[in-house]
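These notes concern the structure reproduced below.
The values are calculated or read from the model by the stated rules, or taken from the named source; none is laboratory data. Remember, it's a predicted structure, so these values are computed and weren't measured experimentally. In this analysis, Cβ positions are derived from the backbone assuming ideal geometry, glycine residues included, and neighbour counts consider all displayed protein chains.
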(Lines give C-alpha, C1' and ligand atoms only; values in the text may rest on other atoms or scores of the structure.)
Protein backbone atom coordinates (compact mmCIF):
# COMPACT_ATOMS: atom_id res chain seq x y z
CA UNK A 1 0.00 0.00 0.00
CA UNK A 2 1.39 3.39 -1.00
CA UNK A 3 1.38 6.28 1.45
CA UNK A 4 -1.25 8.21 -0.49
CA UNK A 5 -3.77 5.42 0.18
CA UNK A 6 -4.03 6.62 3.80
CA UNK A 7 -4.38 10.30 2.86
CA UNK A 8 -8.10 10.73 3.54
CA UNK A 9 -7.96 8.81 6.84
CA UNK A 10 -4.94 10.85 7.93
CA UNK A 11 -6.72 14.14 7.18
CA UNK A 12 -9.74 13.00 9.20
CA UNK A 13 -7.42 12.00 12.06
CA UNK A 14 -6.02 15.50 12.56
CA UNK A 15 -9.38 17.27 12.64
CA UNK A 16 -9.88 18.59 16.16
CA UNK A 17 -6.72 16.92 17.44
CA UNK A 18 -3.81 19.17 16.47
CA UNK A 19 -2.11 20.87 19.40
CA UNK A 20 -0.88 24.24 18.18
CA UNK A 21 0.55 25.18 21.58
CA UNK A 22 -0.55 27.78 24.12
CA UNK A 23 1.31 30.79 22.73
CA UNK A 24 0.57 30.60 19.01
CA UNK A 25 -2.55 28.87 17.76
CA UNK A 26 -2.10 30.24 14.26
CA UNK A 27 -0.89 28.49 11.16
CA UNK A 28 0.54 29.87 7.95
CA UNK A 29 -2.16 29.48 5.34
CA UNK A 30 -1.07 28.95 1.73
CA UNK A 31 -0.70 32.03 -0.42
CA UNK A 32 -2.93 30.34 -3.01
CA UNK A 33 -5.98 31.32 -0.93
CA UNK A 34 -5.16 35.01 -1.30
CA UNK A 35 -4.29 34.46 -4.95
CA UNK A 36 -7.70 32.85 -5.53
CA UNK A 37 -9.41 35.87 -4.01
CA UNK A 38 -7.55 38.40 -6.12
CA UNK A 39 -8.00 36.25 -9.23
CA UNK A 40 -11.79 36.55 -9.10
CA UNK A 41 -12.28 39.89 -7.33
CA UNK A 42 -9.54 41.86 -9.05
CA UNK A 43 -9.51 43.04 -12.64
CA UNK A 44 -7.31 40.85 -14.78
CA UNK A 45 -5.56 41.64 -18.01
CA UNK A 46 -6.75 39.56 -20.93
CA UNK A 47 -4.61 36.46 -21.29
CA UNK A 48 -2.83 36.37 -24.64
CA UNK A 49 -2.34 32.89 -26.05
CA UNK A 50 0.85 32.29 -27.97
CA UNK A 51 0.62 30.84 -31.46
CA UNK A 52 0.46 27.04 -31.66
CA UNK A 53 -0.22 26.76 -27.93
CA UNK A 54 -2.85 24.62 -26.27
CA UNK A 55 -3.61 24.09 -22.59
CA UNK A 56 -3.80 20.77 -20.78
CA UNK A 57 -7.36 21.61 -19.73
CA UNK A 58 -8.32 21.50 -23.42
CA UNK A 59 -6.80 18.13 -24.26
CA UNK A 60 -9.69 16.14 -22.84
CA UNK A 61 -12.46 18.54 -23.88
CA UNK A 62 -15.36 16.60 -25.35
CA UNK A 63 -16.31 19.52 -27.61
CA UNK A 64 -13.97 20.41 -30.49
CA UNK A 65 -16.04 23.49 -31.34
CA UNK A 66 -15.32 24.96 -27.91
CA UNK A 67 -11.62 24.31 -28.50
CA UNK A 68 -11.82 26.29 -31.75
CA UNK A 69 -13.69 29.25 -30.22
CA UNK A 70 -11.36 29.41 -27.22
CA UNK A 71 -8.31 29.42 -29.50
CA UNK A 72 -9.54 31.85 -32.17
CA UNK A 73 -12.07 34.08 -30.34
CA UNK A 74 -11.22 33.94 -26.61
CA UNK A 75 -13.16 37.13 -25.83
CA UNK A 76 -16.12 36.28 -28.06
CA UNK A 77 -18.19 34.35 -25.53
CA UNK A 78 -20.58 35.39 -22.77
CA UNK A 79 -19.06 37.12 -19.75
CA UNK A 80 -18.54 35.17 -16.55
CA UNK A 81 -21.25 36.25 -14.13
CA UNK A 82 -20.53 37.50 -10.58
CA UNK A 83 -22.21 34.44 -9.07
CA UNK A 84 -20.03 32.12 -11.14
CA UNK A 85 -16.91 34.02 -10.11
CA UNK A 86 -17.87 33.52 -6.45
CA UNK A 87 -18.30 29.79 -7.09
CA UNK A 88 -14.85 29.69 -8.70
CA UNK A 89 -13.47 31.64 -5.74
CA UNK A 90 -14.59 29.31 -2.96
CA UNK A 91 -13.82 26.30 -5.13
CA UNK A 92 -10.20 27.43 -5.49
CA UNK A 93 -10.00 28.19 -1.76
CA UNK A 94 -11.32 24.75 -0.84
CA UNK A 95 -8.78 23.11 -3.10
CA UNK A 96 -5.94 25.04 -1.44
CA UNK A 97 -7.23 24.09 2.00
CA UNK A 98 -7.30 20.39 1.07
CA UNK A 99 -3.64 20.56 0.07
CA UNK A 100 -2.87 22.24 3.40
CA UNK A 101 -4.70 19.46 5.23
CA UNK A 102 -2.77 16.85 3.26
CA UNK A 103 0.51 18.45 4.33
CA UNK A 104 -0.53 18.89 7.97
CA UNK A 105 -1.59 15.25 8.18
CA UNK A 106 1.93 14.08 7.39
CA UNK A 107 1.90 13.63 3.63
CA UNK A 108 4.56 15.03 1.32
CA UNK A 109 2.99 17.78 -0.79
CA UNK A 110 5.33 19.33 -3.34
CA UNK A 111 5.52 20.99 -6.75
CA UNK A 112 2.32 22.98 -6.16
CA UNK A 113 1.26 24.93 -9.25
CA UNK A 114 4.40 23.85 -11.06
CA UNK A 115 4.39 24.60 -14.77
CA UNK A 116 4.33 21.69 -17.21
CA UNK A 117 5.01 21.99 -20.93
CA UNK A 118 5.17 19.56 -23.80
CA UNK A 119 6.35 20.49 -27.31
CA UNK A 120 5.58 18.26 -30.28
CA UNK A 121 8.93 17.96 -32.05
CA UNK A 122 7.67 17.77 -35.64
CA UNK A 123 4.66 20.13 -35.64
CA UNK A 124 5.88 22.75 -33.16
CA UNK A 125 2.57 22.71 -31.27
CA UNK A 126 2.89 22.87 -27.50
CA UNK A 127 0.70 22.17 -24.48
CA UNK A 128 1.04 24.15 -21.27
CA UNK A 129 -0.49 24.04 -17.83
CA UNK A 130 0.09 23.87 -14.09
CA UNK A 131 -0.34 20.84 -11.89
CA UNK A 132 -2.10 21.22 -8.56
CA UNK A 133 0.52 19.19 -6.68
CA UNK A 134 2.45 15.98 -6.33
CA UNK A 135 1.45 14.13 -3.13
CA UNK A 136 3.60 11.21 -1.99
CA UNK A 137 5.04 11.01 -5.51
CA UNK A 138 1.60 10.94 -7.17
CA UNK A 139 0.43 13.64 -9.62
CA UNK A 140 -2.77 14.94 -8.04
CA UNK A 141 -5.53 17.14 -9.40
CA UNK A 142 -7.72 18.63 -6.65
CA UNK A 143 -11.42 19.17 -7.41
CA UNK A 144 -14.16 20.80 -5.35
CA UNK A 145 -17.34 18.91 -6.19
CA UNK A 146 -21.07 18.84 -5.59
CA UNK A 147 -22.92 15.73 -4.47
CA UNK A 148 -23.89 15.07 -8.09
CA UNK A 149 -20.44 15.60 -9.60
CA UNK A 150 -18.84 13.56 -6.81
CA UNK A 151 -20.94 10.63 -8.01
CA UNK A 152 -19.23 10.83 -11.41
CA UNK A 153 -15.86 10.15 -9.76
CA UNK A 154 -17.28 7.18 -7.85
CA UNK A 155 -18.56 5.84 -11.19
CA UNK A 156 -15.09 6.05 -12.75
CA UNK A 157 -15.61 9.29 -14.73
CA UNK A 158 -17.39 7.42 -17.48
CA UNK A 159 -19.28 10.70 -17.80
CA UNK A 160 -16.58 13.38 -17.97
CA UNK A 161 -18.19 16.51 -19.49
CA UNK A 162 -15.27 18.80 -18.65
CA UNK A 163 -12.41 16.51 -19.69
CA UNK A 164 -10.90 16.16 -16.21
CA UNK A 165 -9.24 12.82 -16.96
CA UNK A 166 -7.63 14.09 -20.17
CA UNK A 167 -6.03 16.98 -18.29
CA UNK A 168 -4.67 14.90 -15.41
CA UNK A 169 -3.54 12.07 -17.70
CA UNK A 170 -1.73 14.64 -19.84
CA UNK A 171 0.19 16.04 -16.89
CA UNK A 172 1.23 12.61 -15.66
CA UNK A 173 2.17 11.43 -19.16
CA UNK A 174 4.40 14.43 -19.84
CA UNK A 175 6.01 14.17 -16.40
CA UNK A 176 6.51 10.43 -17.05
CA UNK A 177 4.85 9.65 -13.75
CA UNK A 178 2.92 6.34 -13.73
CA UNK A 179 0.75 7.38 -10.77
CA UNK A 180 -2.02 9.98 -10.78
CA UNK A 181 -5.32 10.62 -9.06
CA UNK A 182 -8.08 13.05 -8.15
CA UNK A 183 -8.45 14.40 -4.62
CA UNK A 184 -11.99 15.73 -4.19
CA UNK A 185 -13.74 17.75 -1.51
CA UNK A 186 -17.51 17.95 -1.54
CA UNK A 187 -18.79 21.48 -0.94
CA UNK A 188 -22.04 20.58 0.79
CA UNK A 189 -20.96 17.88 3.26
CA UNK A 190 -17.18 18.17 3.48
CA UNK A 191 -16.50 14.65 2.18
CA UNK A 192 -12.91 14.12 1.02
CA UNK A 193 -12.07 11.25 -1.34
CA UNK A 194 -9.08 10.11 -3.35
CA UNK A 195 -9.62 8.45 -6.74
CA UNK A 196 -6.51 6.85 -8.35
CA UNK A 197 -6.39 6.97 -12.15
CA UNK A 198 -4.65 4.88 -14.81
CA UNK A 199 -2.05 6.88 -16.73
CA UNK A 200 -2.07 6.21 -20.48
CA UNK A 201 0.37 8.27 -22.64
CA UNK A 202 -1.38 7.07 -25.81
CA UNK A 203 -4.58 8.80 -24.67
CA UNK A 204 -2.63 12.05 -24.26
CA UNK A 205 -1.05 11.68 -27.72
CA UNK A 206 -4.47 11.13 -29.27
CA UNK A 207 -6.00 14.03 -27.33
CA UNK A 208 -3.30 16.44 -28.45
CA UNK A 209 -3.58 15.39 -32.10
CA UNK A 210 -7.38 15.78 -31.89
CA UNK A 211 -7.09 19.23 -30.33
CA UNK A 212 -4.59 20.46 -32.93
CA UNK A 213 -6.82 19.19 -35.74
CA UNK A 214 -9.79 21.00 -34.16
CA UNK A 215 -8.16 24.44 -33.91
CA UNK A 216 -5.71 24.49 -36.82
CA UNK A 217 -8.48 25.25 -39.33
CA UNK A 218 -10.36 28.36 -40.46
CA UNK A 219 -13.75 27.46 -38.93
CA UNK A 220 -15.17 24.81 -36.60
CA UNK A 221 -15.61 21.55 -38.48
CA UNK A 222 -17.68 19.38 -36.18
CA UNK A 223 -21.37 19.86 -35.43
CA UNK A 224 -22.50 21.13 -32.02
CA UNK A 225 -23.11 18.55 -29.32
CA UNK A 226 -26.63 17.17 -29.27
CA UNK A 227 -29.31 18.59 -27.00
CA UNK A 228 -30.89 16.29 -24.44
CA UNK A 229 -34.45 15.91 -23.09
CA UNK A 230 -35.25 18.50 -20.45
CA UNK A 231 -36.61 15.66 -18.31
CA UNK A 232 -37.85 12.11 -18.69
CA UNK A 233 -41.38 13.30 -19.46
CA UNK A 234 -40.76 16.71 -21.06
CA UNK A 235 -41.19 17.50 -24.75
CA UNK A 236 -38.61 20.27 -24.37
CA UNK A 237 -34.90 19.86 -25.08
CA UNK A 238 -32.00 21.50 -23.28
CA UNK A 239 -28.26 21.90 -23.63
CA UNK A 240 -26.15 19.06 -22.29
CA UNK A 241 -23.97 19.71 -19.24
CA UNK A 242 -20.91 20.52 -21.35
CA UNK A 243 -22.74 23.10 -23.44
CA UNK A 244 -24.69 24.67 -20.57
CA UNK A 245 -21.43 25.79 -18.92
CA UNK A 246 -19.80 26.92 -22.18
CA UNK A 247 -19.39 30.69 -22.73
CA UNK A 248 -19.77 30.10 -26.48
CA UNK A 249 -23.13 28.33 -26.24
CA UNK A 250 -24.90 31.02 -28.25
CA UNK A 251 -22.39 30.71 -31.10
CA UNK A 252 -23.67 27.18 -31.60
CA UNK A 253 -27.26 27.69 -30.41
CA UNK A 254 -28.20 31.30 -31.26
CA UNK A 255 -31.87 30.76 -30.36
CA UNK A 256 -31.30 29.09 -26.98
CA UNK A 257 -33.61 30.30 -24.19
CA UNK A 258 -32.82 30.36 -20.48
CA UNK A 259 -35.28 29.73 -17.67
CA UNK A 260 -34.61 30.32 -13.98
CA UNK A 261 -35.77 27.48 -11.76
CA UNK A 262 -35.45 27.69 -7.98
CA UNK A 263 -32.15 25.80 -7.90
CA UNK A 264 -30.73 26.12 -11.40
CA UNK A 265 -30.95 27.73 -14.83
CA UNK A 266 -31.87 25.54 -17.79
CA UNK A 267 -30.94 26.43 -21.35
CA UNK A 268 -33.63 25.16 -23.69
CA UNK A 269 -32.99 24.60 -27.38
CA UNK A 270 -36.51 23.35 -28.09
CA UNK A 271 -39.52 24.76 -26.27
CA UNK A 272 -42.81 22.93 -26.79
CA UNK A 273 -44.22 23.66 -23.35
CA UNK A 274 -43.09 27.02 -21.96
CA UNK A 275 -41.85 26.52 -18.38
CA UNK A 276 -43.85 28.33 -15.68
CA UNK A 277 -40.76 30.02 -14.29
CA UNK A 278 -39.11 33.36 -15.18
CA UNK A 279 -37.27 33.53 -18.48
CA UNK A 280 -33.84 35.17 -18.50
CA UNK A 281 -32.87 37.73 -21.11
CA UNK A 282 -29.46 36.44 -22.23
CA UNK A 283 -28.59 39.83 -23.71
CA UNK A 284 -28.53 41.31 -20.21
CA UNK A 285 -26.19 40.57 -17.34
CA UNK A 286 -27.16 37.23 -15.86
CA UNK A 287 -26.97 37.09 -12.08
CA UNK A 288 -27.12 33.34 -11.78
CA UNK A 289 -26.61 30.23 -13.86
CA UNK A 290 -26.33 26.47 -13.54
Discussion item. Looking only at the range 172-185, how many residues end up being over 14 Å from the mean Cα position of the chain (by Cα) and touching a residue at least 24 places away in the same chain (Cβ under 8 Å)?
Written reply: 8
Response to the item:
Within the range 1-49, the residues that are touching a helix residue (DSSP H, G or I) at 6+ places or on another chain (Cβ under 6 Å), at pLDDT 70 or above and either part of a loop (DSSP other than H, G, I, E, B) or closer than 30 Å to residue 75 by Cα (or both) are 32, 33, 36, 40
Discussion item. Contact list please: Cβ distance under 7 Å, first residue in the range 247-258 and surrounded by fewer than 19 Cβ atoms within 10 Å (Cβ to Cβ), second residue not in a loop (DSSP other than H, G, I, E, B), pairs at least six apart or on different chains.
Written reply: 251/69; 253/269
Worksheet item: Restricting to strands (runs of 3 or more DSSP E) lying wholly in the range 171-290: which have 2 or more residues that are touching a helix residue (DSSP H, G or I) at 6+ places or on another chain (Cβ under 8 Å) and more than 23 Å from residue 70 (Cβ to Cβ)?
Response: 179-186, 192-198
